[in-house]
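One structure below.
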There are 2 protein chains.
Amino acid sequence: MAHSDQYIDKLRKSGLRPTKQRIKICEVLFDAEKTFHFTIKELVKIIENQANIKVSLATVYNTVHAFIRKGYLKEIPLNASQSYFDTNVTHHHHFFDEEENKLIDIHQDDVDEVNIKRIIPGKKIRSVEVIAKIVSDNQSQK
Amino acid sequence: MAHSDQYIDKLRKSGLRPTKQRIKICEVLFDAEKTFHFTIKELVKIIENQANIKVSLATVYNTVHAFIRKGYLKEIPLNASQSYFDTNVTHHHHFFDEEENKLIDIHQDDVDEVNIKRIIPGKKIRSVEVIAKIVSDNQSQK
DNA sequence: CAACAGTTTAGAATAAATATAATGTATTAT
DNA sequence: ATAATACATTATATTTATTCTAAACTGTTG
């Protein structure tokens, strides 16, 4: 299976040995047809449902964070009670639906390059993310 | 004191009665020469230092959230273990220094208008925020 | 001054995230 | 292969931010 090799590669590059549990996590994260957003809790639930194997919370946390460090996952900047992660690591942005508490991807092409004129001496920009909060548009009413 | 009247006004408009504790919170938040960022913990510490009066955690949380609802404070979208708030409610953006865990304002004029081409049916954009994560620029090294 | 509505508070409850320490598994050198 | 070693996994405990709760308090009104 070609996928499996990729997972092993990702794990090794993240400084982790390829174990059954970690490969299972990779399958859920990187085998999906589409990229998706998740919280740790949701990820654990998905694994539990699909799985013939038990993976502990701690392992999930550790593996996800190793992938974040390495850039295989992204954390979505959102002040929520739980952290949101994204398997889409390409440069893109988000709508956050405040009423349904749902994230929606905005493709990079749908947002003009964000041009920041200010610079901080000795620092460089590692990433730029746009969060657009949306709500129902009840323009008709009132 | 003219300031005091403003505080009472803000509290009333937020659906809160003007009490000693709440006015104290207003003083710390809205009396500063410059706008600033804070976590609840930091806010409590500032109040404790300045104060002749004890204000409980619960009161601080409740009051801050009432102000957020009303738009007198802004929550900064950042996936951190604690929530970050901003007394600057004008439209602006942030650098987040990942090494020092520090927020830096970016004035609206320093970022070109973010143009989002995509729309979500039935929804309207309530706010657009840019977060630029920055790290040390060790360009000299390798 | 008694009754009432709304406040404040300390402490308890909740929940996410992280740390710990014991047990389990894989790898290495022999 | 096998013993020795290094790394993993797990359940559980801990930590920390936030929210809830219930009792005590304050101030206003009849």
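The values are calculated or read from the model by the stated rules, or taken from the named source; none is laboratory data. Everything quoted here is computed from the prediction, not taken from an experiment. In this analysis, Cβ positions are derived from the backbone assuming ideal geometry, glycine residues included, and neighbour counts consider all displayed protein chains. These area figures cover heavy atoms from the full protein model, side chains too; ligands, DNA and RNA do not enter into them. Shrake-Rupley method; radii C 1.70, N 1.55, O 1.52, S 1.80 Å.
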Any residue in segment B:44-61 that is away from every other protein chain (no Cβ under 14 Å) and farther than 20 Å from B:LEU11 by Cα sitting within a Cβ distance under 9 Å of a residue that is open to solvent by 100 Å² or more (accessible area, probe 1.4 Å) and more than 9 Å from DNA strand D (Cβ to nearest atom)? List the pairs, counting only those 6 or more apart or interchain.
B:GLU48/B:LYS54
Selected residue [open to solvent by less than 30 Å² (accessible area, probe 1.4 Å) and not charged (D, E, K, R)] from A:THR63, A:THR59:
A:THR63
Segment B:66-91, residues that are open to solvent by less than 20 Å² (accessible area, probe 1.4 Å) and within 14 Å of chain A (Cβ to nearest Cβ)
B:LEU73, B:ILE76, B:PRO77, B:LEU78, B:PHE85, B:ASP86
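If I ask for residues that are without any contact (Cβ under 8 Å) to a residue 12 or more places away in the chain and within 7 Å of chain A (Cβ to nearest Cβ), which ones from segment B:115-126 would you list? If you could, list the steps in order and put the result at the bottom.
Taking segment B:115-126 first, the residues without any contact (Cβ under 8 Å) to a residue 12 or more places away in the chain are B:115, B:117-126.
Residues satisfying the conditions are B:ASN115, B:LYS117, B:ARG118, B:ILE120, B:GLY122, B:LYS123, B:LYS124, B:ILE125, B:ARG126.
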Going by the structure shown, is A:GLN108 within 12 Å of chain B (Cβ to nearest Cβ), exposed (fewer than 15 other Cβ atoms within 10 Å of the Cβ) and in contact with a strand residue (DSSP E or B) (Cβ under 9 Å, 6 or more places away or on another chain)?
yes
Among the residues of segment A:29-42, is any part of a loop (DSSP other than H, G, I, E, B) and within 16 Å of DNA strand D (Cβ to nearest atom)?
yes
On the basis of being more than 12 Å from every other protein chain (Cβ to nearest Cβ), surrounded by 16 or more Cβ atoms within 10 Å (Cβ to Cβ) and either within 16 Å of DNA strand D (Cβ to nearest atom) or without any contact (Cβ under 8 Å) to a residue 40 or more places away in the chain (or both), does A:PHE95 make the cut?
no
State whether the residues of segment B:42-53 include one that is within 16 Å of DNA strand C (Cβ to nearest atom), touching an Asp or Glu at 6+ places or on another chain (Cβ under 7 Å) and open to solvent by less than 40 Å² (accessible area, probe 1.4 Å).
no
In this structure, is B:ILE125 more than 11 Å from DNA strand D (Cβ to nearest atom), assigned to a strand (DSSP E or B), more than 13 Å from the chain's Cα centre (by Cα) and modelled with pLDDT under 95?
yes
Suppose we filter A:ASP31, A:ASP112 for residues that are free of Cβ contacts under 8 Å to residues at least 40 places away in the same chain, of a type in the set (Asp, Glu) and under 28 Å from A:HIS3 (Cβ atoms); which single one remains?
A:ASP31
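Matching residues to (1) at pLDDT below 95; (2) in contact with a Leu (Cβ under 9 Å, 6 or more places away or on another chain):
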position	(1), (2)
A:VAL64	no, yes
A:PHE67	no, yes
A:LYS74	yes, no
A:LEU78	yes, yes
A:VAL89	yes, yes
A:PHE95	yes, yes
A:GLU98	yes, no
A:ASP105	yes, no
